[in-house]
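Taking it in order: structure first as structure tokens, then the write-up.
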Amino acid sequence: MSEREAVNINYLYQKKKEGEKISWLTAYDYPTASFQEEAGIEMILVGDSGGMTLLGYDSTLPVSMDEMMVMTKAVTRATDKTFVVGDMPYMSYQPGKEEAIKNAGRFMGECGTDAIKLEGGRRMAPTVEAIVDAGIPVIGHIGMTPQSAAQLGGYKSQGRDAQSAKELIEDAKSLEQAGAFAILLEAVPSRVAKMIYDQSDVPIYGIGAGSSVDGQLLIVQDILGLFELFKPRFVKRYANLGEEMVDAFNQYIEEVKSGEFPGEEHCYKIPDEEFREI
Ligand code: KIV
């Protein structure tokens, strides 16, 4: 494990005060989280996006609490200093406060996360307040909220007219008043994100919200080139691991067919005298 400082809520507030941006990525498995820990990524979101990028569902709606638990436990096993956030899946908090507290508690108690995240603004403020009252740190997520895509008319950026921008600002205020210790803005115009940032005392993070926020989140498969079904405008690709995987698989197939693999160095040996005795 790395020697860097452990990330906790005090660290996140200190970095906000100092104007240092926070690096945040998703992860859903042990190896990815280990490499992120080694690299010094400060926050990991075990997002319900893992339902699509890792489990192959065509939306985040089918992802269950049990599936989130498996992915989240793999990530917390790999991390020590990184701040891990569990993402409340669809219908794990919408039915009511009691259910929400119980499921948020499973992330904290059984998985060892540092906080949970849930989608929704004003409508979710009473639920956020109840979870915070139970002693659980909450990040509110507003803007393009995939669990409400049907209501939003699809996966569309939000806050692009005056009315919806005002609503986003109200959402952020309600979440902060409800006790959310940070807010994540997804797919909102940079200028609207800056207005929210300017009016908030809590850290404001963005995924597709421009640079005037306290830190950036991206989905790990998007930056590594491991998810090809769609590519939102805000994604920057840092590697093409999908292509490298296909190249490696093709080379393996060729070498198996041609007999080039396995070579002598991949084979176990038995001494000649032992072999003669068989
Ligand atoms: O599940 C997820 O990865 C998310 C991000 C898209 C914000 O919620």
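Observations on the model:
- Neighbour count of at most 14 Cβ within 10 Å plus DSSP loop: longest GluC sites (Glu not before Pro)-free window in the chain: 21-227
- Available extension along the chain between Ala248 and Arg123 is 40.2 nm, counting 0.36 nm per residue and deducting the alpha carbon span.
- For the stretch 197-238 versus the stretch 106-174, the spacing of their alpha-carbon centroids is 16 Å.
- Degrees between helix 241-258 axis and first principal axis of the chain (Cα, 0 to 90, nearest 10): 20 degrees
- With both labels modelled 7 Å from their Cα along Cα-to-Cβ, the Ala39 to Asn240 distance reads 1.8 nm.
- For Leu184, the amide hydrogen comes within under 5 Å of the amide hydrogens of Gly140, His141, Ile142, Tyr205, counting only partners 5 or more places away or on other chains and with H modelled in the peptide plane.
- Couplings 3J(HN,Hα) of the stretch 97-105, computed from phi: 4, 4, 4, 4, 5, 4, 6, 4, x Hz, in residue order, whole Hz [Karplus 6.51 cos²θ - 1.76 cosθ + 1.60, θ = phi - 60°; x for Gly and Pro].
- Flagged links, alpha-carbon separation over 22 Å, of Lys16/Lys102; Lys102/Lys173; Lys21/Lys102; Lys17/Lys73; Lys15/Lys102; Lys15/Lys81: Lys16/Lys102; Lys102/Lys173; Lys21/Lys102; Lys17/Lys73; Lys15/Lys102
- Based on Cα contacts under 8 Å between residues 6+ apart, the chain shows a relative contact order of 14 percent.
- Restricting the calculation to Cα atoms, every distinct pair contributes to the Kirkwood radius of the chain, found to be 20.2 Å.
- Against the chain, whose longest principal axis is taken from its Cα atoms, helix 162-178 shows a tilt of about 80°.
- Against the chain, whose longest principal axis is taken from its Cα atoms, helix 30-39 shows a tilt of about 70°.
- Net lengthening on full extension, Asn10/Tyr57 (0.36 nm per residue, minus Cα-Cα): 13.3 nm
- Of all lysines in the structure, those lying under 21 Å Cα to Cα from Lys166, and not within fewer than 8 positions of it along the same chain, are Lys156, Lys194.
- Among Ala193, Ala162, Ala115: highest mean-square fluctuation, GNM of the chain, C-alpha pairs under 10 Å: Ala162
- Segment Ser211-Gln163, length gained on full extension (0.36 nm per residue, minus Cα span): 15.0 nm
Quick note: the coordinates plus some simple rules give every number you see, no bench work behind them. Computed from a predicted structure; not experimentally measured. Glycine gets a Cβ as well: all are built from the backbone with ideal geometry, and neighbour counts include every protein chain shown.
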